[in-house]
Amino acid sequence: MIWTKKYSPKKVSEVVGQNKPVEQFTLWYQNWKPGKKAALFTGPPGVGKTCLAEALATENNLEVIELNASDYRTSLQIKEVIGQSMKQRSLFKRGKIFLIDEIDGISGREDRGGPGEIIKIIEESKFPIILTANDKWNIKLSKLKTHCQLIDFGKINFWGMIKRLEEICQRENVKCSKDILKQLAKRSEGDLRSAINDLDTLSKGKSEILIKDMESLGNRERDENVFDSLKIIFKTSSPVAARMSIKNVSKPPDEIFWWIEQNIANEYEKPEEIAKAYEMLSRADIFRGRISIMQDWTFLKYMIDLMTGGVAISKKEMYKKFSKYEYPDRIKYFGMTKFKRAKEKQQLLKLSEELHCSARKIRTEFLPYFSLEKLSGNEFKI
Amino acid sequence: MEYQIWTEKYRPQSLNEIINQKHVVERLKAFVEKKTVPHMLFAGPPGTGKTASAIAIAKDLFGKNWHDNFQETNASDARGIDVVRTRIKEFARIKPFDTPFKIVFLDESDALTSPAQHALRRTIEKHSTVCRFILSCNYSSKIISPLQSRCVVFRFTNLSKEDVFAYLDKIIKGEKLNVDKSALESIYELSEGDLRKATNILQTASSVGDKITDDIIYEVASQAKPKDVLEMMNFALQGEFKAARKKLHDMVIKQGLAGQDIIKACHSQIFDLNIPDEKKIQMINQIGEYDFRISEGGDPLIQLEAMLSQFILNK
């Protein structure tokens, strides 16, 4: 049996290094009844999200219906699977929990109203639902979040991880120096699952792990956090380092673009630097426009180099300060005001027929004089 | 059905009521008489009677059935040329009602990109047997020449003070308003010959008091000015980039203003700024550059932000 399975927690209390999430989750489960919110576990891979849900099930003798959202292309398919097992009573009259993994992996475009379907499932479910996701800022989650209790998992603490690895070595009767465990913990970057996997691999057929064995471990391509990449772009003076920094970020370049935009003025303070950095973004944006007009992705490299390297070299010297990087307004508000803007657009288009001019013109020629309510309401019945 | 917005209530019902534009109206009337209409391009400044003439000619030609034989589409709202073409196709499919042809009026055609205009050329040819097209635009230079060559071009000229007074007089009599002579002068000056603007100013002023004075007109006009734009530029000129950026985000993201309308407002308000003339000219050059970048396909928000970041250097 692979060690990650063998040593996965069987009780909620055995979950390592996630005291606060465990507490929040236990409370949520105790108070859950049909109609209540689902639990949404967010956090990087390998920190115990799925483990916690499974530990709860084992401890309480519940049947886990597990779905990996990335295996199902649309939320309609998920609904089908869940809908079926929702109707069946559990075989041995056990309770059930639904675990939908990687909800942020659900395809965004193909299933319009996707989150809507999931929300419906949450509202109608007779059993508790647990969703997991890596990136709590993912736009796809914004609607879903209001129907979920958010439970955020952090990376596993360095020493906590070493302690757990030591325990496993003891139980497996494998000799392993503290130095090696430290290295394993370090390269895992807070991902306990990957550390246990590495330990498992190194100990195969051996009773002692030596330093030289470490070389056999390949480096994992980490899905880097966008905040880490911002830190590099704003602090480095090397365009190459800046460009490299976004390589492993799971967000597309045009989204990273707005993350950089949002934070230029949070980092840079001199007007010349801000102006230069924005000029770089302006040029990058021109290439973005050319990509979309000509459908020619060969321009992408210029866009990326300008927005990363260009912004990086816009500073005279590195700011030795801690900057708190913000979530982009552009993405945040566009999501939030989407409904309001759609409704307004609808009103304007209706008015545009009545007033014989475009919606855009109504904005510039009529709205300065008459409010939208007045124009479309009863006061000025047209 | 009574119109309460005066621009609609006092919209010309026939070519006879169009204010001035005599050279255009005369020829349009001749078309009506012969019951033949070519494809036409109406070019001219806003509020000078382009849409009014298109509707008036339809009413004169088709009488009370005008609505069945007349379709109005705003190029700047329709998302892409495909939407425009589908609308036209559907309209053209139904035979003209009691007349040899129908009229498609494509307002703000200069909002169409040049590939879209080329696509439109085919559409016009395809439906020529059933439909006559009237395109309108502010600048005919923004219409590709193959389209221009298929149309008879009519130029609408700026309206004079007398023209504006003549139109406002109709409203003043109709609404029994009491308007000072100097207030009228001010309306003309503020509107720069744009009848839509003049009418909107007058209607807003009429709700302020029984007697419409010069002061009221100026107050109405200054309230209607996009203050956000001026505030944004002032923040930038004081070196407060973050505050300027926030104003911009309010306008673009929350209010949904079009980037090019904001740029236009920036340009028109440059001379209201309290800075040396040399800086004003420098800023105009900068505004022009970012306007160009947006028209090249740049994202309005990022380009306007880049423009603001240049302004902080002018501090």
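With the contact rule set at Cα under 8 Å and sequence spacing of 6 or more, what percent relative contact order holds for chain A?
After rounding, I find 14 percent.
Starting at the first residue of segment A:146-152, write each ³J(HN,Hα) from the Karplus equation 6.51 cos²θ - 1.76 cosθ + 1.60 with θ = phi - 60°, in whole Hz, x for Gly and Pro.
5, 9, 10, 8, 7, 10, 9
Can you list residues whose amide H is under 5 Å from B:Glu72's amide H, if they're 5+ apart or on another chain and H is modeled 1.01 Å from N?
HN-HN under 5 Å from B:Glu72: B:Phe105.
Relative to the longest principal axis of the C-alpha atoms of chain B, give the angle of the C-alpha long axis of helix B:259-269, reported between 0 and 90° and rounded to the nearest 10°.
Compared with the principal axis, the helix lies near 60 degrees.
List, largest first, the extents of the alpha carbons of segment A:254-304 along their principal axes, each in whole Å.
37, 18, 14
Per residue and in cubic angstrom, what volume does the convex hull of the Cα atoms of segment A:297-340 have?
Numbers: hull volume 4.8 nm³, N = 44.
Dividing the Cα hull volume of segment A:297-340 by its residue count gives 108 Å³.
Would you please report the Å³ per residue occupied by the convex hull of the alpha carbon atoms in segment B:1-147?
Details: hull volume 17.5 nm³, N = 147.
Looking at segment B:1-147, the number lands at 119 Å³ per residue.
Could you state the angle between the C-alpha long axis of helix B:80-93 and the longest principal axis of the C-alpha atoms of chain B, as a value from 0 to 90 degrees rounded to the nearest 10?
Relative to chain B, helix B:80-93 is tipped by roughly 20 degrees.
What total accessible area, in Å², is buried where chains A and B meet, using a 1.4 Å probe and rounding to the nearest 100? Walk me through the intermediate numbers first.
Numbers: alone 22570 and 16820 Å², together 34880 Å².
Counting protein atoms only, the buried area is about 4500 Å².
Which whole number gives the average, over all residues in B:256-264, of C-beta atoms from other chains lying within 10 Å of the residue C-beta? Don't jump to the answer; show the numbers that get you there.
On the way: counts 9, 4, 4, 0, 1, 4, 1, 0, 1.
Counting Cβ atoms of other protein chains within 10 Å of each residue's Cβ and averaging gives 3.
Could you work out the relative contact order of chain B? I mean the mean sequence separation of Cα pairs under 8 Å and 6+ apart, divided by the number of residues, in percent.
Numbers: 410 pairs, mean separation 51.2, N = 315.
Reported as a whole number, the value is 16 percent.
Just the Cα atoms of segment A:272-382: what Rg and Dmax do they give in Å?
21.2, 62
Determine, for each peptide in B:82-94, B:236-248, the mean count of other beta carbons within 10 angstrom over its residues, then list the peptides with the highest first.
Numbers: B:82-94: 14.9, B:236-248: 19.1.
Those peptides, ordered most packed to least, come out B:236-248, B:82-94.
Which three numbers, in whole Å and largest first, are the semi-axes of the equivalent ellipsoid of segment A:117-157 derived from its Cα gyration tensor as √(5λ)?
Working: eigenvalues 91, 36, 10 Å².
Working through the eigenvalues yields semi-axes of 21, 13, 7 Å.
Where in chain A are the DSSP H helices whose C-alpha atoms run 30 Å or more along the long axis and whose mean Kyte hydropathy is at least -0.5? Could the numbers behind the result be given before it?
Details: long enough: A:271-294 (34 Å, -0.10).
Going by DSSP H runs, the hits are A:271-294.
Using only the alpha carbons of chain A, what is the convex hull's orientation-averaged projected area in square nanometres? Walk me through the intermediate numbers first.
On the way: hull surface 106.2 nm².
Mean orientational projected area (chain A, Cα hull): 26.5 nm².
In whole angstrom, how long is each semi-axis of the equivalent ellipsoid of segment A:1-46, when you take the square root of 5 times every eigenvalue of its Cα gyration tensor and sort them from largest down?
The three semi-axes for segment A:1-46 are 24, 12, 11 Å.
Kindly give Rg over Rh for segment A:172-308, based on alpha-carbon atoms, with the Kirkwood expression for the hydrodynamic radius. Kindly include the intermediate steps, with their values, before the conclusion.
Numbers: Rg = 20.9 Å, Rh = 17.8 Å.
Radius of gyration over Kirkwood radius for segment A:172-308 works out to 1.17.
Per 5 Å bin, what is the whole-percent P(r) computed from every C-alpha pair distance within segment A:109-199?
2, 11, 18, 14, 9, 9, 11, 11, 8, 5, 1
Near A:Lys79, which lysines are there with a Cα under 21 Å away, not counting those fewer than 8 places off in the same chain?
A:Lys79 reaches A:Lys33, A:Lys36, A:Lys37, A:Lys87, A:Lys96, A:Lys120, A:Lys126, A:Lys140, A:Lys143, A:Lys145.
Along the principal axes of its C-alpha atoms, what lengths does segment A:141-253 span, in descending order and rounded to whole Å?
48, 43, 21
From largest accessible area down, sort A:Trp159, B:Trp6; use a 1.4 Å probe on the protein chains. Each step should come with its number before you reach the end.
Details: A:Trp159 140, B:Trp6 15 Å².
Largest accessible area first, the residues go A:Trp159, B:Trp6.
What whole number of Å gives the distance from the Cα centroid of segment A:141-193 to the Cα centroid of segment B:48-78?
Cα centroid to Cα centroid, the span is 70 Å.
Which of rounded, prolate, oblate describes segment B:138-296, given a ≥ b ≥ c as roots of the alpha-carbon gyration tensor eigenvalues and a/c under 1.5 marking rounded, otherwise prolate only if a/b is larger than b/c? If you can, show how the numbers build up before the last one.
On the way: a/c = 2.21, a/b = 1.25, b/c = 1.77.
Oblate shape, in that a/c is at least 1.5 and b/c is the bigger or equal ratio.
Give me a single rounded figure for B:42-48: the average over its residues of other chain Cβ atoms within 10 Å of their Cβ. Could the numbers behind the result be given before it?
Details: counts 0, 0, 0, 0, 4, 2, 0.
Mean shielding count: 1.
If you count, for every residue in B:304-313, the Cβ atoms of partner chains within 10 Å of its Cβ, what is the mean?
6
Search the structure for amide H atoms under 5 Å from the amide H of B:His39, placed 1.01 Å from N in the peptide plane, and list their residues when 5 or more places away or on another chain.
Amide H neighbours of B:His39: B:Phe133, B:Val152.
Mean 1/r over all different Cα pairs, inverted: what Kirkwood radius does the protein assembly as shown give, in Å?
Details: mean 1/r = 0.0329 Å⁻¹.
Evaluated over the protein assembly as shown, this radius sits at 30.4 Å.
Using alpha carbons only, how many angstrom separate the centre of segment B:1-38 from the centre of segment A:22-53?
69 Å
Once amide H atoms are placed 1.01 Å from N in the peptide plane, what residues at a sequence separation of 5 or more from A:Phe153, or on another chain, have their amide H within under 5 Å of its amide H?
When sequence neighbours closer than 5 places are left aside, the close amide H contacts are A:Thr42, A:Gly43.
Please work out the Kirkwood hydrodynamic radius for segment B:223-315, using every pair of different C-alpha atoms, and report it in angstroms with one decimal place.
12.9 Å
Could you work out how far helix B:277-295 tilts from the main Cα principal axis of chain B, as a 0 to 90 degree angle to the nearest 10?
50 degrees
Once all Cα-Cα distances of chain B are split into 10 Å bins that start at 0, what whole-number percent is in each one?
Here the calculated profile for chain B is 5, 22, 27, 26, 16, 4, 0.
May I ask which residue of B:Gln238, B:Ser182, B:Ile144 lies farthest towards the positive end of the charge dipole of segment B:130-247, with charges of +1 (Lys, Arg) and -1 (Asp, Glu) on Cβ and the Cα centre as origin?
B:Ile144
Just to confirm a number: summing +1 for Lys and Arg and -1 for Asp and Glu over residues other than B:Lys29 whose beta-carbon lies under 13 angstrom from that of B:Lys29, what do you get?
Working: positive: B:Lys22, B:Arg27, B:Lys34, B:Lys35, B:Lys59; negative: B:Glu17, B:Glu26, B:Glu33, B:Asp60.
Every neighbour counted, the sum reads +1.
Taking N as the number of residues in segment A:319-382, what is its Cα Rg relative to 2.2 N^0.38 Å?
Against the empirical 2.2 N^0.38 Å value, I get 1.67 for segment A:319-382.
The values are calculated or read from the model by the stated rules, or taken from the named source; none is laboratory data. Owing to the predicted nature of the structure, the values given are computational and were not obtained by experimental measurement. Using ideal geometry, Cβ is built from the backbone for each residue, glycine included, and neighbour counts are taken over all protein chains shown. Side chains are part of the model used for accessible areas, which takes the heavy atoms of the whole protein and leaves out ligands, DNA and RNA. Shrake-Rupley method; radii C 1.70, N 1.55, O 1.52, S 1.80 Å.
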